[in-house]
1. Give the residues of segment 98-113 that are loosely packed, with under 13 Cβ neighbours inside 10 Å and closer than 30 Å to His23 by Cα, sorted by residue number.
2. Restricting attention to segment 137-161, which residues are outside any helix (DSSP H, G or I) and either in contact with a helix residue (DSSP H, G or I) (Cβ under 7 Å, 6 or more places away or on another chain) or on the phi > 0 side of the Ramachandran plot (or both)?
3. Can you tell me which residue is nearest to the chain's Cα centre (by Cα) among those in segment 1-31 that are over 17 Å from Pro172 (Cα atoms), in a loop (DSSP other than H, G, I, E, B) and in contact (Cβ under 8 Å) with a residue 40 or more places away in the chain?
4. Quick check on Thr81: is it among the hydroxyl-bearing types (Ser, Thr, Tyr) and modelled with pLDDT under 95?
5. Quick one: would you say Arg65 is of a type in the set (D, E, K, R), in contact with a Gly (Cβ under 6 Å, 6 or more places away or on another chain) and more than 19 Å from Met146 (Cα to Cα)?
6. Find the residue count for segment 87-130, including only residues that are part of a strand (DSSP E or B) and within 15 Å of Val158 (Cβ to Cβ).
Amino acid sequence: MSQLILFNKPYGVICQFSQHELHPTLKDHIALPGVYPAGRLDTDSEGLLLLTGDGELQHRISDPRWKQPKTYWVQVEGRVTETQLQALRDGVDLGDFVTQPAQVRQLPEAPALWERKPPVRFRKTVPDGWLEIIISEGKNRQVRRMTAKVGLPTLRLVRVAVGPWRLDGLQPGEMRSLEVSLADLPRTGHAKPAAKAPARHTGRQVPETAPPRAAPRFRFAKK
């Protein structure tokens, strides 16, 4: 069994443990030693980020060849049409690559999310809506580029699920620890699991069982 951390990354936090001149980082929220992100999330995006100290588990989650689906709730500017939804489903030519077919639907109403800080800036004279977009890729700013290409600029982007793991009530800055078996993960890809890797932000080998630190600075969600 391996430890997996589910963390709700707040808006404006950079997915790195080293300090940054302008933005808070994971180090400001996570005091657990020997864990590192399994995948990334843009600084101006919010939601589920997975972290682990197990290199095989990190590979199974982050390597696109395993095709772990990622679910996003996306607030877009403009009146959404079926033509735009179908274009997102079919795949969008972004110039440097064409996106793979995606699962896309318009949410009937705005999801019950926390208030973003700072709040989203939008124009009262322009309609907006919410989409659910599920992709198995994860290229740089892909979802934002996809919606902009079809004429629906993204105002807010929240990742609510990666594979079988969901936020499930986690608030920004909160985390939940799970014990995960590689044998239980869905095998949707064709890649061979990699050997355990060192923690990228420390340069040290990841211990099989990371000892807890005293007086951690993070908050666990209430059950």
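The values are calculated or read from the model by the stated rules, or taken from the named source; none is laboratory data. Given the structure is predicted, the values throughout are model-derived calculations rather than measurements. For neighbour counting, all protein chains shown are included, and Cβ atoms are generated from backbone atoms with ideal geometry for every residue, glycine included.
1. Ala110, Pro111, Ala112
2. Hits for segment 137-161 are Glu137, Gly138, Arg141, Val150, Gly151, Leu152, Pro153, Thr154, Leu157.
3. Applying the filter and picking the extreme gives Phe17.
4. no
5. In short, yes.
6. The qualifying residues number 3.
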